[in-house]
1. Do any residues in the range 72-84 that are under 16 Å from TRP175 (Cβ atoms) have Cβ atoms under 7 Å from those of residues that are buried (at least 20 other Cβ atoms within 10 Å of the Cβ) and of a type in the set (D, E, K, R), where the two are at least six apart or on different chains, and which pairs are they?
2. From the residues in the range 39-86 that are aromatic (Phe, Trp, Tyr) and out of contact with any Leu (no Cβ under 8 Å at 6 or more places or on another chain), which one is nearest to SER108 (Cα to Cα)?
3. Take the range 29-43 and flag every residue that is within 16 Å of LYS124 (Cα to Cα) and open to solvent by less than 30 Å² (accessible area, probe 1.4 Å).
4. Consider the range 153-167. How many of its residues are assigned to a helix (DSSP H, G or I) and surrounded by 13 or more Cβ atoms within 10 Å (Cβ to Cβ)?
5. Among SER145, SER181, which is the only one that is of a type in the set (Ser, Thr, Tyr), open to solvent by less than 60 Å² (accessible area, probe 1.4 Å) and under 25 Å from ASN26 (Cβ atoms)?
6. With THR56, THR8, THR104, THR2 as the choices, which residue is without any contact (Cβ under 8 Å) to a residue 60 or more places away in the chain, surrounded by 17 or more Cβ atoms within 10 Å (Cβ to Cβ) and among the polar types (S, T, N, Q)?
7. If I ask for residues that are within 14 Å of LEU14 (Cβ to Cβ) and without any contact (Cβ under 8 Å) to a residue 24 or more places away in the chain, which ones from the range 25-44 would you list?
Amino acid sequence: MTVANKLTLLRLALVPGFMVFMFFDNFWTRVAALLIFIAASITDWYDGRIARATGTVTVIGTFLDPLVDKMLIAAALVGFVEMGELHIRAWMVVLIISREFLITGLRSLAASRGMVVAAEGAGKFKMASQIMAIVTILVILILNSAFEKWPAIAPNVQSEWELLLRQVMERGPFWLVFATSILTIVSGLFYIQKYSGLLKDEFSVLKTLKAK
């Protein structure tokens, strides 16, 4: 097994641990969840580069890498919806996950035609925005737990900056995921537009088969 594939499998193994630690409303477990997510994101950054640098790109690695990425992101976002303190709406997460399924289907269709749907700038920016949003929200969760554990450091409404901090912590997660969902949909539309010819060919084949 190649080093890149080992890193991908390590990232896959980190997903359940990340979810377990994230769901505990405890300062230290949420810190652990943040560290696990960052570690998983780092492996995502390295595995592809190692595979290309060493000439060890494999079929299983090409399949697993984006799939595990989506599992990690989906695990975080679905978990956030379950946390009432974040005020994140399920429909935003549904949009994000639906886009991922759609593009995965497009990649599978392209692969059946001997084509490769390479990661574009829009897709990479989308992934970066998702990671940044999740890390920020995890930090907010840590701060919420810290304020509960040590009330003396919790902000109150007696000063403007403390009121602003409280409002950012309460409303920030919603707007972060909202912005991420918009970016995710836009990047998905970019892929669909770019590979519209492939989709048209497939629909033409289906119509021909139905006509017979």
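The values are calculated or read from the model by the stated rules, or taken from the named source; none is laboratory data. Please read all numbers here as calculations on a predicted model, not as lab measurements. Cβ: placed from backbone, ideal geometry, glycine included. Neighbour counts: every protein chain shown. We work out accessible area using only protein heavy atoms, side chains counted, and drop any ligands, DNA or RNA first. Shrake-Rupley method; radii C 1.70, N 1.55, O 1.52, S 1.80 Å.
1. Qualifying pairs under 7 Å: none.
2. Top of the filtered list is PHE63.
3. Hits for the range 29-43 are SER41, THR43.
4. Total meeting the criteria: 4.
5. Only one candidate qualifies: SER145.
6. THR2
7. ALA32, LEU35, ILE36, ILE42
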